[in-house]
Structures are given as C-alpha cells and as structure tokens.
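Chemist: The structure follows.
The values are calculated or read from the model by the stated rules, or taken from the named source; none is laboratory data. Because the structure is predicted, anything quoted here is derived from the model rather than measured. Glycine gets a Cβ as well: all are built from the backbone with ideal geometry, and neighbour counts include every protein chain shown.
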Amino acid sequence: MKPDSRETAKLARQEAILNGPVFSTMMRLAVPTILVLIAQTLVSVAETYYVSFLGTPALIGVALVFPVWMLMTMMAAGGIGGGVASAVARATGAGKHDDVNALILHSVVVAIVFGLAFTAFFIGLGEHIYAAMGGSGEALSAAHEYSVYVFFASVPIWIVNLLSAVLRGIGNVKVPAAVTLIGALVLIPLSPLLIFGLGPIKGFGLAGAGMAINIFYWVAAIAMLRYMASGRAGIQMTFVSLRWPLFCEILNVGLLAALGTIQLNVMVLLVTGAVGVFGVDAIGGFGTASRLDYVLIPVLFGIGTAIVTMVGINVGARQIDRAKRITWVGVAVSVVFTEVVGLLVAVFPGVWLGLFTHDESVLVTGELYLQIVAPFYAANGILFALGFATQGSGYMWKMFLVGTVRLILAAGGGWIAVEYFNVGQAGLFVIVMGSMVIAALMSVVIDRSGAMWPKYNKQSPSALRTVRY
C-alpha cells in the first residue's frame with residue numbers, strides 16, 4: 001500500500017470510529033480478532049492432539065503448564081495489552097501524534113520487562129509450581145521440560161501481543177489478525193515436524209512443541225518490530241527518552257486489567273475446590289460445564305477490544321456521549337450472544353456435555369450447573385462489555401472492585417456455604433450465579449453514576465482536526 005493510501009485508510013478508520021455507524025464499525029473491528037482467537041484455540045487443540053501420541057505423562061505435563069501459559073497470554077493480550085490499546089486510542093483521539101509514536105517504544109519496554117519476569121519465574125521455579133499443582137514423576141518432568149521451552153518465548157510473546165494492542169488502539173485490526181493467522185498456519189505443521197521428525201529431520205519429542213512456539217514468536221516479534229519502525233502502519237516507533245507519565249498511561253489501566261484476569265482464574269480455581277467437596281465426579285462435571293465459559297471468551301474478547309478502541313478514541317476526542325452510546329451497543333451485542341448460548345445449553349445441556357463425557361455421575365453435576373448458571377450468562381456479557389469500556393475510558397478501578405466483590409461472593413461465600421452450612425451443589429451454583437448477577441448490576445450502577453467516565457461532556461472544537469495528523 002502506498003503512503004498516501006495508508007494515510008487515507010487510517011483517516012477513514014478514525015472517521016468511522018468518531019462519526020460512523022456504531023454497530024457496523026464495531027463489527028469490522030471485532031470480527032477479525034474473533035476469527036484469529038478461534039484460530040489460536042484450534043492450534044492449541046491440535047498441539048494437545050499431537051502431544052497425546054507421546055503418552056499420558058507428556059499429556060499431563062502439558063495440562064499442568066497450560067493454565068499458567070493461558071494466564072500469561074490473557075495478561076499480555078487483554079490485561080497489559082488492554083492498557084496499551086487504551087493509552088494509544090485516547091492519545092489518537094486527542095490528536096497527540098508524538099505520544100502515540102512514543103507509546104510504541106514504551107510498550108516494547110513493558111513487554112520486555114514482563115516477558116523476562118515470566119521467563120525467570122517459570123523457568124526457575126516452574127518445577128516447584130507444577131509439583132504444588134499435583135504433578136509428580138514423569139508427568140512433572142514433562143511439565144518442567146515443556147515449560148522451559150515455552151517460557152523461553154515469553155519476551156517475544158509479550159512483544160507481539162503489546163504491539164498488536166498498539167495497532168488495535170488506532171483501529172488497525174488487520175495486521176494483528178494476519179500475524180496470528182500466519183502463526184496458526186505455521187505452527188500446525190511445524191509442531192508435529194519438531195515433535196516427531198520427518199525423514200532426516202530428527203524429532204525432539206515434547207521439547208519440539210515448545211521449540212515450534214519459540215521459532216514462530218521470535219520471528220513474529222522481529223517482523224512486528226520492523227513493521228512498527230518502518231512507519232507503514234501510519235505510526236512509527238521512535239527512539240525517544242522514556243517518560244514515566246506514558247508508562248503510567250499504560251499501567252494505570254493495564255495492571256488493573258491484568259489483576260482482573262487473575263481474579264477470574266482464582267475464582268474458578270476456588271469454586272472448583274468447593275465443588276471438590278462433593279467428589280471427583282462433581283469436579284469433572286463442573287469443569288466440563290464451566291469450560292463453556294472459556295469458549296465464549298474469544299467472542300467477548302473480540303467485541304471488547306473493539307469497544308476499547310472506539311471508546312478510547314472518542315474519549316480522547318472528548319465525545320463522551322458517543323463513547324457511552326458505543327459502550328451500550330457493545331453491551332447489547334454481548335448480552336444477545338451470551339444469553340442465546342446460555343439459554344440453549346440450559347435447555348439442551350447434553351449437547352455440550354456429550355462432547356466430552358457420557359459418564360452419568362459427571363453429567364449430573366454438569367447439567368445442574370448449566371441449568372442454574374447458564375440462563376444468566378447475559379450478566380457475564382454485561383461484565384465483559386463494561387469492563388472493556390472502562391479500559392477505553394481509563395477509569396476502571398471501580399470495575400476492579402466489582403470483580404473483587406464477585407470473587408468474594410462466589411469463592412468465599414460458596415466455600416463457607418458448603419463447608420459450614422452443608423449447602424448442596426445446587427445451592428453452591430446459585431451462589432455462583434448470584435455473584436455474577438450482583439456484579440453485573442453493580443457495574444451498571446457504576447456506568448449510570450458517571451464514575452467510569454471523564455468529567456467533561458462536550459466535544460473539543462479541535463478534536464476532529466487534531467486527530468487527523
């Protein structure tokens with residue numbers, strides 16, 4: 001694309017975000033992200049399939065590493081990445097061209113720091129962590145081996161995710177989508193090649209799966225850095241003096257968003273512990289049913305990243321009323337999607353559960369969970385949409401408190417109810433559902449009170465001119 005056409009495309013994206021139809025603009029931003037997240041999920045499933053041929057210890061080892069791998073990915077893409085996208089979007093809307101360019105370098109620095117922290121922590125202490133999670137013997141050795149290779153790629157994984165967030169912040173979702181799709185196309189054949197070998201190429205077993213991840217992400221990170229330095233994105237990474245206020249723009253939102261992802265995972269872990277009181281089969285039923293919650297995340301995340309970009313740019317341009325309208329269009333889309341899925345699985349729970357098990361003792365708990373919780377999945381749609389909107393506005397600390405309340409009610413309240421009041425499985429799931437609904441109502445009150453929005457309400461006269469740098 002020629003320089004003039006790139007500039008025209010960039011201005012057209014921003015014009016649509018600032019003045020165009022909300023729903024269609026949101027879908028243009030959301031759909032590519034949703035598709036690539038689905039592609040990533042398929043790659044994960046494919047890798048699990050490949051590893052299964054190495055035996056049960058290898059499969060268990062990968063299963064032990066997977067939760068912490070997912071936590072890092074969620075923190076990079078939706079946590080700190082959300083802070084990056086928010087900072088870039090607000091600077092874009094305000095027409096602060098130099099800040100947008102400077103934020104690219106600051107994002108890379110943040111990526112390196114967090115990436116090195118994950119590498120040091122999980123390579124140095126990974127074996128102890130996986131042992132605490134229940135790993136032992138050959139499975140523990142496999143988890144440690146796989147972890148070393150996977151987390152050696154932490155720095156490039158963070159760089160790719162945070163630079164993708166920069167691009168999403170200016171409304172460019174095609175390049176991040178292309179990088180992820182290329183990654184899927186590369187990893188699906190590369191992973192089995194390095195695991196099993198082919199002809200003269202020696203297979204490396206479980207280490208090969210980690211090597212494939214390393215090769216792709218190191219190459220992708222270098223490509224993304226070159227792309228951002230070239231100026232082809234309409235913005236350009238510049239080597240400027242690092243400024244603490246710009247780090248604050250990223251971290252004030254990003255750290256709370258990252259902690260929010262930890263809250264969600266801790267809540268699931270603690271609720272699983274409470275379910276464990278009813279036996280191993282109950283854990284299997286709850287785990288199988290609640291896995292649907294994670295399957296919904298790619299769609300909710302795709303919608304959410306579109307909300308962050310559109311809200312952030314409009315907040316930067318001081319179009320607060322439009323930012324609020326965008327938020328509630330996003331809420332409506334999220335609610336319709338989650339509620340349709342929730343009602344379907346509540347009425348036909350066997351359709352979902354039957355994909356994974358036919359064990360009657362497991363199905364009983366799974367069906368009970370879906371029949372009680374799934375009809376209220378709309379509350380989860382509200383929480384996701386408003387949570388991403390607060391990332392875009394930069395005012396998300398009260399939404400973090402909402403997440404804390406939900407954690408206390410669902411995990412703490414559920415455990416106390418089961419342990420001290422002999423509440424059954426149905427009662428526990430009612431508490432989980434109630435905590436979700438209460439949190440959703442609290443988030444709506446926060447929005448209606450104006451606590452998640454800046455205190456100005458009129459468009460800056462120069463906003464639309466300065467954004468077109």
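Chemist: Here are A16, A30: which of them is modelled with pLDDT of 80 or more, of a type in the set (A, V, I, L, M, F, W, C) and farther than 29 Å from T73 by Cβ?
Modeler: After applying the criteria, what remains is A16.
Chemist: Let me ask you something else. Check V373, V402 and return the single one that is among the β-branched types (V, I, T), touching a residue at least 12 places away in the same chain (Cβ under 8 Å) and in contact with a Ser or Thr (Cβ under 6 Å, 6 or more places away or on another chain).
Modeler: Going through V373, V402 in turn, the sole match is V402.
Chemist: Let me ask you something else. Within segment 274-324, how many residues turn out to be of a type in the set (S, T, N, Q) and without any contact (Cβ under 8 Å) to a residue 60 or more places away in the chain?
Modeler: Of the residues in segment 274-324, 0 are of a type in the set (S, T, N, Q) and without any contact (Cβ under 8 Å) to a residue 60 or more places away in the chain.
Chemist: Restricted to segment 418-434, and to residues that are in a helix (DSSP H, G or I) and without any contact (Cβ under 8 Å) to a residue 60 or more places away in the chain, which residue is nearest to S361 (Cα to Cα)?
Modeler: The initial filter retains those residues of segment 418-434 that are in a helix (DSSP H, G or I), namely 418-421, 425-434.
From what is left, the residues that are without any contact (Cβ under 8 Å) to a residue 60 or more places away in the chain are 420-421, 426-427, 430-431, 434.
Numbers: Y420: 25, F421: 24, A426: 15, G427: 18, V430: 20, I431: 22, G434: 25 Å.
Ranking the candidates gives A426 first.
Chemist: How about segment 212-237: which of its residues are of a type outside the set (F, W, Y) and closer than 25 Å to Q391 by Cβ?
Modeler: Result: A220, A221, M224, L225, M228, A233, G234, I235, Q236, M237.
Chemist: Among (1) more than 22 Å from the chain's Cα centre (by Cα); (2) farther than 25 Å from T272 by Cα, which single condition is A389 missing?
Modeler: (1)
Chemist: Moving on. Looking at this structure, is G124 part of a helix (DSSP H, G or I), within 14 Å of V68 (Cβ to Cβ) and not hydrophobic (A, V, I, L, M, F, W, C)?
Modeler: The answer is yes for G124.
Chemist: Cβ contacts < 6 Å: first residue surrounded by fewer than 17 Cβ atoms within 10 Å (Cβ to Cβ), restricted to segment 12-39; second residue at pLDDT below 95, any location; separation 6+ or different chain. Result?
Modeler: If the second residue must be at pLDDT below 95, the pairs left are I38/P298.
Listed here are the residues, each with its yes/no results for (1) buried (at least 23 other Cβ atoms within 10 Å of the Cβ); (2) on the phi > 0 side of the Ramachandran plot; (3) β-branched (V, I, T).
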position	(1), (2), (3)
T365	yes, no, yes
G381	yes, no, no
G387	yes, no, no
A410	yes, no, no
G414	yes, no, no
V418	no, no, yes
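Chemist: Further, regarding this structure: Counting only residues that are under 25 Å from V315 (Cβ atoms), give me the helices (runs of 4 or more DSSP H) lying completely in segment 1-112 with at least 2 of them.
Modeler: Fully inside segment 1-112 and qualifying: 3-19, 22-52, 80-93.
Chemist: Next question, about the same structure. Out of (1) among the aromatic types (F, W, Y); (2) under 21 Å from V43 (Cα atoms); (3) in a helix (DSSP H, G or I), the odd one out for Y227 is which?
Modeler: All conditions pass for Y227, except number (2).
Chemist: With the requirement that a residue be in contact with an Asp or Glu (Cβ under 8 Å, 6 or more places away or on another chain) and β-branched (V, I, T), what does segment 365-401 give you?
Modeler: Once the filter is applied, which keeps residues that are in contact with an Asp or Glu (Cβ under 8 Å, 6 or more places away or on another chain) and β-branched (V, I, T), segment 365-401 yields only T365.
Chemist: Does G234 satisfy being part of a helix (DSSP H, G or I) and over 30 Å from A58 (Cα atoms)?
Modeler: Taking the combined requirement at face value, the residue does not satisfy it.
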